[in-house]
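Novice: The structure under discussion is supplied below as structure tokens; questions concerning it will follow.
The values are calculated or read from the model by the stated rules, or taken from the named source; none is laboratory data. Since this is a predicted model, take the numbers as computed values, not measurements. As a convention, Cβ positions derive from the backbone with ideal geometry for all residues, glycine included, and neighbour counts pool all protein chains shown.
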Amino acid sequence: MNLNKRKSYPRLSIACILFLLPSCKSHSNYAPPPPDKQSAVSDIARADQFYGQREDLKQLEQGIVLLREARAADPANYDAAWRLAKFNYYLATHTEGDYRERAFREGIEAGQTAVKIQGDKPDGHFWLGANYGGSLESETISGLASLDDVRKEMDTVLKLNEGYQDGSAYMVLGLLDLKAPKIVGGDPQRAVSELEKGLQFGKGNAFLRLHLAEAYQAVGRPEDARQQLNTILSMTPDPNYLPELHEAQSQARTMLQQLK
């Protein structure tokens with residue numbers, strides 16, 4: 001009896017191994033599903049609609065969810081990646097605390113991905129640089145980026161498309177020189193020069209004019225600052241940038257009061 005039982009063990013083990021082999025083989029040959037490009041394109045289009053309502057952050061968050069789904073459906077989709085960086089930048093600059101930090105982190109990751117997918121286009125570089133810059137201004141975030149990281153991305157944008165987003169790369173570079181301490185390379189006069197260059201491409205860019213007014217104030221040109229602020233208040237609204245115009249006009253009114 002005992003001998004027969006001992007003889008049965010090897011036969012049982014071999015049978016188990018043979019049974020498991022097909023399963024092991026199927027796992028080794030597993031391939032991820034092909035990208036669903038059509039689904040990604042649809043999600044991106046719907047996300048853009050939500051971004052049009054971005055003043056309501058809940059609408060913006062719905063757009064972010066859709067862009068995440070687009071990236072899951074098609075990981076190599078450049079448009080989904082750079083838009084996710086853009087949407088998160090807006091969210092981060094309109095929230096506080098941990099929520100703000102998470103948005104900047106996701107924005108940086110998405111921007112880095114966009115640059116890896118298509119480094120010869122400006123969108124990924126710009127929104128990566130914007131998120132880098134935003135994270136530098138946050139008191140609770142450290143180690144995500146340096147001033148040189150921001151400059152590198154914006155310099156790349158200028159090489160690829162100097163007038164991108166109505167001169168916004170010049171605007172970011174001007175802000176760096178305006179706000180950074182002199183010891184780390186800040187230079188208000190250079191900020192004026194960079195912002196004036198941007199104005200050649202962005203006469204309708206309200207925030208560029210606002211920051212140019214700040215730079216004029218910093219170098220002792222209050223009348224030039226006043227002119228830029230009054231221009232902001234009289235600008236014809238662009239339906240695609242209404243939230244930005246409203247914010248810039250609100251800040252312009254405050255600055256004009258301070259100039260009196």
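Novice: Quick one: which residue in Ala145, Ala76, Ala130 is outside any helix (DSSP H, G or I), among the hydrophobic types (A, V, I, L, M, F, W, C), over 26 Å from Asp36 (Cβ atoms) and touching a residue at least 12 places away in the same chain (Cβ under 8 Å)?
Specialist: When all the criteria are applied, what remains is Ala145.
Novice: Under the condition of being of a type outside the set (Gly, Ala, Ser) and surrounded by 23 or more Cβ atoms within 10 Å (Cβ to Cβ), which residue from region 179-195 is nearest to Ala213 (Cα to Cα)? Walk me through how you get there before you give the answer.
Specialist: Going residue by residue through region 179-195, those that are of a type outside the set (Gly, Ala, Ser) are 179, 181-184, 187-190, 192, 194-195.
Next, only the ones that are surrounded by 23 or more Cβ atoms within 10 Å (Cβ to Cβ) stay: 194-195.
Details: Glu194: 13, Leu195: 10 Å.
Here the answer is Leu195.
Novice: Would you check if Gly111 is in contact with a Gly (Cβ under 7 Å, 6 or more places away or on another chain), of a type outside the set (A, V, I, L, M, F, W, C) and either part of a helix (DSSP H, G or I) or surrounded by fewer than 18 Cβ atoms within 10 Å (Cβ to Cβ) (or both)? Before the answer, list the steps.
Specialist: On the way: in contact with a Gly (Cβ under 7 Å, 6 or more places away or on another chain): yes; of a type outside the set (A, V, I, L, M, F, W, C): yes; either part of a helix (DSSP H, G or I) or surrounded by fewer than 18 Cβ atoms within 10 Å (Cβ to Cβ) (or both): yes.
Yes.
Novice: Can you find even one residue in region 75-86 that is of a type in the set (S, T, N, Q) and over 11 Å from the mean Cα position of the chain (by Cα)?
Specialist: Yes; the residues of region 75-86 include at least one that is of a type in the set (S, T, N, Q) and over 11 Å from the mean Cα position of the chain (by Cα).
Novice: Identify, from the list Val172, Val184, the residue that is closer than 23 Å to Asn240 by Cβ and touching a residue at least 12 places away in the same chain (Cβ under 8 Å).
Specialist: Val172
Novice: Hey, another quick one. Give me a count of the residues in region 114-127 that are touching a residue at least 12 places away in the same chain (Cβ under 8 Å) and in a helix (DSSP H, G or I).
Specialist: 9
Novice: Further question on the same structure: In this structure, is Met154 more than 18 Å from Arg83 (Cα to Cα), of a type in the set (A, V, I, L, M) and modelled with pLDDT of 95 or more?
Specialist: No, not satisfied.
Novice: Can you find a residue that is out of contact with any Leu (no Cβ under 8 Å at 6 or more places or on another chain), over 16 Å from Gly129 (Cβ atoms) and surrounded by fewer than 16 Cβ atoms within 10 Å (Cβ to Cβ) anywhere in region 206-216?
Specialist: No, region 206-216 has no match at all.
Novice: Considering every residue within region 148-160, establish whether at least one is more than 22 Å from Tyr90 (Cα to Cα), surrounded by fewer than 23 Cβ atoms within 10 Å (Cβ to Cβ), touching a residue at least 24 places away in the same chain (Cβ under 8 Å) and not charged (D, E, K, R).
Specialist: There is at least one residue in region 148-160 that is more than 22 Å from Tyr90 (Cα to Cα), surrounded by fewer than 23 Cβ atoms within 10 Å (Cβ to Cβ), touching a residue at least 24 places away in the same chain (Cβ under 8 Å) and not charged (D, E, K, R).
Novice: Separate question: Output the residues belonging to region 235-260 that are surrounded by fewer than 17 Cβ atoms within 10 Å (Cβ to Cβ) and not in a helix (DSSP H, G or I).
Specialist: Matches in region 235-260: Thr236, Pro237, Asp238, Lys260.
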